[in-house]
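Comments concern the structure below.
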Amino acid sequence: MTTPGSTGVTVLGLGAMGSALAVALLDAGHPTTVWNRTPARAAALSARGATTPSDLAGAVTAHRLVVACLLDHASVHETLDPVIGAMRGSALVNLTTTTPNEARELAEWAARHGVDYLDGAIMATPPMIGTAEASILYSGSAEVFDAVRPVLDRWATSTYDGADSGLASLYDLAMLSGMYTMFAGFLHGAAMVGSVGITATEFAARATPFLSAMTAGFAHDAAVVDGGDYTVPGQQSLDFSDLGHIVRASEEQGVDPAPVAAVQELIGRQRAAGHGAEGFARLYESLRAGRAEAVR
Ligand code: FVH
């Protein structure tokens, strides 16, 4: 039996990302079959040499490696439920963004139909695909990852995070949580200085080196969290970290303090529970407890 991917690849979903993935394969000379719910989106790829079968069943049986890059978890089921029975013995690499549990559900569903499942989380935008800046995280079937690695490496630096199909998604969404929270904080700061006419561009020039330097603190906080001792010397205490003045300054400038108020609320929970003298990293305990009342 042939190795999945060695004779070609089928790409399902030709939105911005799916099209970028298919173009990278075509540019590398991989026989590539494409399918999209709205067929017109396949025309440009057909002109570049992609095969465009008349129906989905033809697409998923054209090759033993099927890549899905659809909108969300529901669209994966909506697309593949009717044809999964024809995919027995194939490998499914799902690059659609899902939650970890949705990825695990898809892995179990695929296994019930004799399909090997590898989940992927794309840490890149479509123009980055095929460049050194692109990264894709994978988890699930190690056999599929190893077998189709030459295909995966056409798109990005490929990292395998283990057999748990949900892990790639978990890393992805955890990193995006950090990113979005940081961007919200930046925009809040921009609104604060914007209240006196300073442009966001001017603020970005000032904030970028400062915030970049602050990321060096991740490793220190991580060591404290992993050590589990929030009293170790050298930490900024939660009492010292009171952000009430930032919240007040924001309100004085007529700016919604929501991002920084959320951090202040987390600090307040730990201080109310008697941990004010301990380090800022103790916020981790509030977050992992998961509920406002569950402060340890
Ligand atoms: N674009 C990006 O920068 C991000 C980077 C990180 C990873 N994401 C995820 O990649 C998935 C696809 O993203 P996309 O950018 O290609 O998304 P769209 O351009 O909106 O295309 C969506 C495709 O999904 C098809 N589709 C939607 N619903 C269904 C359905 N119910 N059944 C079948 N196909 C469906 C849609 O088809 P059509 O509207 O053209 O008929 C597109 O092919 C996504 O998970 C991102 O989170 C990208």
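Screening ALA121 on (1) more than 18 Å from the chain's Cα centre (by Cα); (2) crowded, with 23+ Cβ neighbours inside 10 Å shows it passes everything except condition (1).
Scoring GLY290 on the criteria (1) on the phi < 0 side of the Ramachandran plot; (2) under 27 Å from the mean Cα position of the chain (by Cα) leaves a single failure, condition (1). Given the options ALA147, ALA132, name the one that is of a type in the set (A, V, I, L, M, F, W, C), open to solvent by less than 60 Å² (accessible area, probe 1.4 Å) and more than 15 Å from the ligand (Cβ to nearest atom). The conditions single out ALA147.
Could you list all residues from the stretch 195-231 that are touching a helix residue (DSSP H, G or I) at 6+ places or on another chain (Cβ under 6 Å) and over 19 Å from MET182 (Cα atoms)? VAL224, VAL225, TYR230, listed by residue number.
Sort out for me the helices (runs of 4 or more DSSP H) sitting completely within the stretch 191-296 that have 2 or more residues that are among the small types (Gly, Ala, Ser) and modelled with pLDDT of 95 or more. Even if it seems obvious, please write down each step before you answer.
Values: elements: 200-214, 217-227, 244-252, 258-272, 283-289.
Correct list: 200-214, 217-227, 244-252, 258-272.
Is the stretch 61-84 home to any residue that is more than 9 Å from the ligand (Cβ to nearest atom) and loosely packed, with under 14 Cβ neighbours inside 10 Å? Yes, the stretch 61-84 contains at least one residue that is more than 9 Å from the ligand (Cβ to nearest atom) and loosely packed, with under 14 Cβ neighbours inside 10 Å.
Annotation note: of VAL60, VAL11, VAL34, the sole residue that is within 18 Å of ALA156 (Cβ to Cβ) and touching a strand residue (DSSP E or B) at 6+ places or on another chain (Cβ under 7 Å) is VAL11. Can you find a residue in the stretch 221-235 that is touching a residue at least 60 places away in the same chain (Cβ under 8 Å) and not small (Gly, Ala, Ser)? Yes, the conditions are met somewhere in the stretch 221-235. Those helices (runs of 4 or more DSSP H) of the stretch 1-85 in which at least 2 residues are farther than 24 Å from GLU102 by Cβ, considering only elements entirely within it, cover 16-27, 43-47, 56-60.
GLY49 fulfils the conditions (1) in contact with a strand residue (DSSP E or B) (Cβ under 8 Å, 6 or more places away or on another chain); (2) surrounded by 19 or more Cβ atoms within 10 Å (Cβ to Cβ) except for a single criterion, (2).
The values are calculated or read from the model by the stated rules, or taken from the named source; none is laboratory data. Here the structure is a predicted model, which means the values were calculated and not measured. Glycine also receives a Cβ, built like all others from the backbone with ideal geometry; neighbour counts cover every protein chain displayed. Please note that ligands, DNA and RNA were not included when accessible areas were found on the heavy atoms of the full protein model with its side chains. Shrake-Rupley method; radii C 1.70, N 1.55, O 1.52, S 1.80 Å.
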